[in-house]
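Everything on this sheet refers to the single structure shown next.
The values are calculated or read from the model by the stated rules, or taken from the named source; none is laboratory data. Source: prediction; values computed, not measured. Backbone-built Cβ (ideal geometry, glycine too); neighbour counts: all protein chains shown.
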Amino acid sequence: MITSSRRRSLAVLLALVVISASTSITFANHAWNNYHWARQSNPFTLKLGDNLTATDWKSYLRTTSSDWNAGKTPVQTTVVAGTSNRRCAMVSGTTQVCNDKYGYNGWLGLASINISGSHITQGSAKLNDSYFTSATYNNPSEKLHVMCQEVAHTFGLGHTSEDGSSQNTCMDYYQNKTDDGISTKPNQHDFDMLNSIYAHLDSITTVSTTSAATAGRSDVTEDPNSWGSLMSQSRNGRSSTYQRANADGTHTITHVFWTEEAAARGAMHDHRYDH
């Protein structure tokens, strides 16, 4: 027979377990492996190249830059004139940001980084207007959510959650079906994560300090055959990561944010070939 005292003890134990589980989820590590920009001092400024063709996208990029800078982490950003093209060729030492009608190929956003060892040397973020002009995705909150997330992947951040729930950060996979303003900016945990990733300094720098950054690898495009091999995919099918080895010994890693329609086809196969 369980006494009332025993029942109270069990209730307290259960409450502690729930609190512990909640804490582990809320404060989970969401660094993207150990990828980071090399630099010899903190803070450093990462140039976000504006190759965007629509006024609203330009506004969302400026908002994203401001929102990440608000955390006063080692990663500070500035929006500069883009030096890429429609295919969003990467430019050494920068993140280039682009939008276009890349086709009904199942993805909303692509974030690519080129790495040498664990050091990010260049990045790109692409927004697919083939879907963002549709009623399902064409609202300010969803556009800002995806912009904020794709740009932050090029800092070395992964997802806080991939189950579709909102964790009050743009690094989750919440779907803004209306302009509800949810999950459109970073939260304190994202800032803490960047402080952790960039706590150390490096002996070299891969961040461009000049306005005339040199062209880097240009063959990571909307063509899925340029992404390399599928390395991982979330259980709900919304997120995939691809890796490609390059002839110069570097690697290119690409995060793909799939549409809900693509994810609904199942998570057990490569969505690139569903179309």
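Quick rundown of the values:
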read-out: Residue match in segment 105-115 (condition: at pLDDT below 95 and over 16 Å from the mean Cα position of the chain (by Cα)); value: yes
read-out: Residue match in segment 98-111 (condition: surrounded by fewer than 21 Cβ atoms within 10 Å (Cβ to Cβ), of a type in the set (F, W, Y) and touching a residue at least 24 places away in the same chain (Cβ under 8 Å)); value: yes
read-out: Enumeration of residues in segment 1-59 that are surrounded by fewer than 11 Cβ atoms within 10 Å (Cβ to Cβ), part of a loop (DSSP other than H, G, I, E, B) and at pLDDT 95 or above; value: S41
read-out: Counted residues, segment 60-94 - those being surrounded by 21 or more Cβ atoms within 10 Å (Cβ to Cβ) and over 20 Å from Q149 (Cβ atoms); value: 2
read-out: Residue that is farthest from S112 (Cα to Cα) [pool: residues in segment 136-151 that are in a helix (DSSP H, G or I) and in contact with a Ser or Thr (Cβ under 8 Å, 6 or more places away or on another chain)]; value: S141
read-out: Residue match in segment 214-228 (condition: at pLDDT 90 or above and either in contact with a helix residue (DSSP H, G or I) (Cβ under 6 Å, 6 or more places away or on another chain) or buried (at least 20 other Cβ atoms within 10 Å of the Cβ) (or both)); value: yes
read-out: Number of the exception - G228 against (1) under 28 Å from N42 (Cβ atoms); (2) touching a residue at least 24 places away in the same chain (Cβ under 8 Å); value: (1)
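Quick grid of which residues meet (1) out of contact with any Ser or Thr (no Cβ under 7 Å at 6 or more places or on another chain); (2) within 23 Å of Y137 (Cβ to Cβ); (3) among the aromatic types (F, W, Y):
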| residue | (1), (2), (3) |
| --- | --- |
| V207 | yes, no, no |
| G237 | yes, yes, no |
| N246 | no, no, no |
| E260 | yes, yes, no |
